[in-house]
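The values are calculated or read from the model by the stated rules, or taken from the named source; none is laboratory data. Here the structure is a predicted model, which is why all the values come from computation and not from measurement. Backbone-built Cβ (ideal geometry, glycine too); neighbour counts: all protein chains shown. For accessibility, only protein heavy atoms count, side chains too; no ligands or nucleic acids. Shrake-Rupley method; radii C 1.70, N 1.55, O 1.52, S 1.80 Å.
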Amino acid sequence: MTTAPGHEPRVRVAVLGSTGSIGRQTLDVLARNPRFEVVGLAAGRNVERFGDQIRAVGPAVAIVAEDARRDGLGTIPDGTRVQVGDEALDELAARTDLDLLIVGTGGMVSLRPVIAALRAGTPVATANKETLVAGGHLVMPIARAQAAARSAADPADPLGSPLAWIRPIDSEHSAIWQCLAGERAGSIARLILTASGGPFLDLPAEELANVTIAQALRHPTWAMGDKITIDSATLANKGLEVIEAHWLYDVGYDMIDVVIHPQSVVHSAVRFVDGSVKAQLGTPDMRLPIQYAITYPDRQASPAAAPDLAAIGRLDFLPPDEGRFPALRIARSAGRSGPWASAALIAADDVAVSRFLAGDITFADIPRLLESAIGRFGSRSGPPPGLDDLVAVDADIRAAYARGAIA
Ligand SMILES: NC(=O)c1ccc[n+]([C@@H]2O[C@H](COP(=O)([O-])OP(=O)(O)OC[C@H]3O[C@@H](n4cnc5c(N)ncnc54)[C@H](OP(=O)(O)O)[C@@H]3O)[C@@H](O)[C@H]2O)c1
């Protein structure tokens, strides 16, 4: 944190994946909060948009995924150093002058940076679920150790909770985090994750094989990146969120329920041992959970509109249909099986969604591919996968798919 004389301390942040759906909304939230200073940005292939962001924000460091794309950035301000590749992400995350790392990348690219930031004593706000699903066993022990050290030194330190170190941006996990404020871990009876049900909520099973890419990308309530939108349509996303919740809140799989809630107003809920249920409600606008994660423990006015309950009128809840949407069951079962199966799930889902988006497989093939890859690569015994093992599982599954060994 830096303080100019007579001013509030500035919070120095870096945003990984700034050109994506979460990244752009994060920059919008940061631009409305002058106490945040963006010291680093990172993006993948959309160098045109990234160049515009660099000129607007003027970070000290800007990282592109590939050297070949660097020229597409256009004119770079004098104060910005452009770097390339994964090692630069680790370096940025490990900077000792960083107050918060914000992660809006998809896939596994941010797992090493998240670990580097936590080890360097920098909290992380993350929308990315793959990092926790495949690497929760690597990430959470560091977050818990950092929190324990703070709490031992000062029981009132807001950084004395693991969730202050790994702050969820995913709206469901932000909702649970908000419901748990002021509650004791032993008071939780169940976590209740809500799901919109996606665009095919009412479609008969036999028609699911024929849905088009455009139909699957038409989410009824949220505007998001393509990968998570397809995951929402298959309900694989909700399965990933069950595993994410297991790691974030340290609760068993038997204590995590999923309920379909088509209006997407209740973002998730917690049932306590006395039977009381607390829920967090909001409009479907990711800028609210993004802002909560970056201003924590403070709340302040946000650009997200508050829900008008009288105008909404009714809220519906129904059980998920795991017969029509088997990806939820497959993902939950991978979570129960442990980190090898979860790692296989993440890699297989990345392959399956990109193959579907390329028109190579049907919507109904996605869960089949997940089950086949997890069956083949996710049942290892022995110690849980380390960072290199996670990379290897990913490569093995991609290679197996390419030679037709999983389908
Ligand atoms: N979107 C939502 O509302 C939402 C809600 C909850 C959770 N999430 C989770 O948040 C994560 C991001 O989702 P999204 O929808 O924002 O995805 P997205 O729109 O596809 O954005 C992904 C971002 O990652 C960047 N990226 C890709 N490879 C990179 C690399 N090697 N180095 C640095 N940056 C790289 C992309 O850059 P380019 O675009 O330049 O290639 C882009 O900025 C996912 O894990 C998703 O499940 C998203």
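For this structure, a couple of remarks:
Each row is one residue, and each column tells you yes or no for (1) outside any loop (DSSP other than H, G, I, E, B); (2) loosely packed, with under 13 Cβ neighbours inside 10 Å.
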site: V38; (1), (2): yes, no
site: A42; (1), (2): yes, no
site: F50; (1), (2): yes, no
site: R55; (1), (2): yes, no
site: I63; (1), (2): yes, no
site: A68; (1), (2): yes, yes
site: T75; (1), (2): no, yes
site: D78; (1), (2): no, yes
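- Residue that is free of Cβ contacts under 8 Å to residues at least 60 places away in the same chain, surrounded by fewer than 22 Cβ atoms within 10 Å (Cβ to Cβ) and closer than 26 Å to H246 by Cβ, where the choices are D396, D308: D396
- Residues satisfying the stated conditions in the range 185-219, i.e. under 12 Å from V270 (Cβ atoms) and either surrounded by fewer than 18 Cβ atoms within 10 Å (Cβ to Cβ) or within 12 Å of the ligand (Cβ to nearest atom) (or both): A185, S187, A189, R190
- Evaluation of D52 against (1) modelled with pLDDT of 95 or more; (2) within 28 Å of G121 (Cβ to Cβ) (one fails), failing number: (2)
- Of the residues E37, E8, the single one that is away from the ligand (no atom under 11 Å from the Cβ), in contact with a strand residue (DSSP E or B) (Cβ under 6 Å, 6 or more places away or on another chain) and in contact (Cβ under 8 Å) with a residue 12 or more places away in the chain is E37.
- Conditions (1) open to solvent by 10 Å² or more (accessible area, probe 1.4 Å); (2) in a helix (DSSP H, G or I); number of the one not met by G107: (2)
- Selection status of S381, over 22 Å from A245 (Cα atoms), at pLDDT below 95 and either in contact with a helix residue (DSSP H, G or I) (Cβ under 9 Å, 6 or more places away or on another chain) or part of a loop (DSSP other than H, G, I, E, B) (or both): yes
- Filtering the range 11-35 to residues that are surrounded by fewer than 21 Cβ atoms within 10 Å (Cβ to Cβ) and in a strand (DSSP E or B) leaves V11, R12.
- For the range 220-240, the set of residues classified as open to solvent by 10 Å² or more (accessible area, probe 1.4 Å), part of a loop (DSSP other than H, G, I, E, B) and hydrophobic (A, V, I, L, M, F, W, C) consists of W222, A223, M224, listed by residue number.
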